[in-house]
Amino acid sequence: MLVWQLSGISMFPKTTCVGAATLRFSKSVYNKDLSWFSAYGGRSRLQARHYGSRVSARKARNVGKQPIENVHIPGLEPITYAEKMHFVPGLAKPVFPPWKRELRDPRYFRSPPSQEMPLYKETPCYVFNQRTSILEGVRQALWLTKSMPISGLPPQFLSLTESPANQLPNQENRVQNAINHARFWDTTEERPVKYRSTLLFNLLHLCATLQSSHPLIGRRMLSEKYSLAASWKRGKNLLQVRGQNGLLYNSMDPLPRISGKQQVLETADHILETFYPVSPLVDLQIVNVYKEEVNCTGYRGKQYYPHAHTLYFVEGEETRCKLRPEQFRAKMIMFLFGNALARARMLYGTKPYSVLDHPITIQAVGTNGRLFQFIVFQLNTTDLSGDDGIKNQVWLDEDALLYDSAKVKPVIFRKEVKIPAGLAGYKPETFSKFLALYLHGAVDY
């Protein structure tokens, strides 16, 4: 003991306090000289974890610690350091009212609770938007729109492109060049992603070259990123279609009706398909803040191109919302119906009509860059509350291939070329359908 005092060395140095959780040993000292912590001369896993990490020890101290509650006693105000303008130990932390800007800044806007909004209603509204993926697909969309399906396009459509006057000069080569431009020439990527819009605009540009021989094509225009809103009732439930829905091709003249009066009256015998026990409103967005009678075609004031001609949908470019083909076709039907219904509300008012004197016809083309979906919709009635009576009509042509494959490099398996490089398997009949829908209304059939 005298030797320790003379040398001035303490038995327990400052950095080796056994009771503290911050032992500062080096790895070599810890591995060699701390074997006496274990009962059998070795290091236990619990001791190594506790003494080897400060973070775990610090976390262990906070386990079970309850937050301090601020108790407010009526008539007794705590003394805070608000007047001091800085922190003072022993004084309470001041509580200030929320700061509000004098000018309205949308970056710091906080919406009030939905119950306090002026448009709040107890009865919910079921909304279909551009990202809705309904479970039953086309069957559910037909029930929501009270429509009758018809397989294939109308026969008069296919006869439009049989005449050489309604075809492009050197049509097949020009269409294949448009595909090559979108898939190979417009990008340097081996697997291009955003080629679908380029292909759609290339095909529309080819169709527009027929304006010299068909002057009525000049009475049309393209609209992009417009917002649609339409509302109707199915039974006791209020439904709405809202949102942006692709590229709209407008016209000064409405499309002619496809079905005659007798064919429209025969739709009353059609029975809508049910899918019990699945609810027809499954996957629709439920909202309580809405306007009841909202019908808007996306334009305000006087409109020089009031009639919707064709809707063009591009699927696959939006990574946050990818729909399967069945749900993609259902989305096309819902927005076709919404455009037709909003136009009918403007012409006939909000009063439901069992049979429209002049049915409203709108077309749609959807593509993912290779597969094309063609749909024609005719709105015959705005009385949609019940399942009986006149039905709307939907013509569907599904999964039409424009080409089989378009590869930058060939696909080789076991030294055999399975898929050649370049464009392969071009289908000219698919572009004929695309051109027929484009010329509808500009050519007499």
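The values are calculated or read from the model by the stated rules, or taken from the named source; none is laboratory data. The model shown is predicted, which means the values in this text are computed figures rather than measured ones. Note that each Cβ is placed from the backbone with ideal geometry, even for glycine, and that neighbours are counted across all protein chains shown. What goes into the accessible areas is simple: the full protein's heavy atoms, side chains included, and nothing from ligands, DNA or RNA. Shrake-Rupley method; radii C 1.70, N 1.55, O 1.52, S 1.80 Å.
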For this session: May I ask you to give the percent of accessible area on the chain that is carbon plus sulfur, with a probe radius of 1.4 Å?
Result: 54
For this session: Roll a 1.4 Å probe over the protein chains and send me the accessible area per residue for region 291-410 in Å².
Result: 42
Exercise. Relative to the Cα centre, what is the charge dipole magnitude of region 247-375, using +1 at the beta carbon of each Lys and Arg, -1 at the beta carbon of each Asp and Glu, and rounding to the nearest 20 debye?
Worked result: 380
Exercise. Amide H to amide H under 5 Å from TYR403: which residues, 5+ apart in sequence or cross-chain, H placed 1.01 Å off N in plane?
Worked result: LYS427
Seminar exercise, completed: Rounded to one decimal in nm, the spacing of the 7 Å Cα→Cβ label points at GLN262 and PHE201 is 4.8
Seminar exercise, completed: Given unit charges at Cβ for Lys, Arg (+) and Asp, Glu (-), the dipole magnitude of region 153-245 about its Cα centre in debye, nearest 20, is 720
Exercise. For LEU158 and LYS351, FRET efficiency with R0 = 56 Å and r from the beta-carbon atoms, rounded to 0.05?
Worked result: 0.90
Exercise. Mind checking the dipole of the chain: about its Cα centre, +1 per Lys or Arg Cβ, -1 per Asp or Glu Cβ, Debye to the nearest 20?
Worked result: 2700
Exercise. Roughly how many Å² is the accessible area per residue of region 144-207, as a whole number, for a 1.4 Å probe?
Worked result: 53
For this session: Taking DSSP loops as anything outside H, G, I, E and B, show the longest stretch in the chain free of trypsin sites (Lys or Arg not before Pro) there with at most 10 other beta carbons within 10 Å.
Result: 111-224
Problem set entry | Inter-centroid distance (Cα atoms) of region 181-217 relative to region 73-120, Å | 57
Exercise. What distance in nm separates the simple spin-label points at ASN180 and ASN237, each placed 7 Å from Cα in the Cβ direction?
Worked result: 5.1
Problem set entry | Sparse-neighbour loop sites [chymotrypsin sites (Phe, Trp or Tyr not before Pro); region 70-146; at most 13 other C-beta within 10 Å; DSSP] | PHE87, TRP99, PHE109
Problem set entry | Reachable lysines, given that their alpha-carbon falls under 17 Å from the alpha-carbon of LYS121 and they are not under 8 places away in the same chain | LYS233, LYS236, LYS291
Exercise. Which entry in [x] 21.5, 71; [y] 22.4, 66; [z] 35.2, 121 matches Rg and Dmax of the Cα atoms in Å derived from the coordinates of this structure?
Worked result: [z]
For this session: Once you have the Cα-Cα distance between LEU168 and VAL408, take 0.36 nm times their residue separation minus that, and quote the gain in nm to one decimal.
Result: 83.6 nm
Exercise. Hey, if you put +1 on the Cβ of every Lys and Arg and -1 on every Asp and Glu Cβ in the chain, which of ILE419, VAL88, ALA364 ends up farthest toward the positive end of that dipole?
Worked result: VAL88
Seminar exercise, completed: Taking the dipole of the chain about the Cα centre (Lys, Arg +1; Asp, Glu -1; charges at Cβ), the one of THR381, ALA406, VAL394 that reaches farthest to the positive side is ALA406
For this session: Identify all aspartates and glutamates with a Cα-Cα distance to LYS418 below 15 Å; exclude those on the same chain that are fewer than 8 residues away in sequence.
Result: ASP404
Exercise. Distance from the Cα centre of region 314-373 to that of region 378-404, in angstrom?
Worked result: 9
For this session: Considering only DSSP beta bridges where both residues belong to region 302-404, give the percentage that are antiparallel (nearest 5).
Result: 75
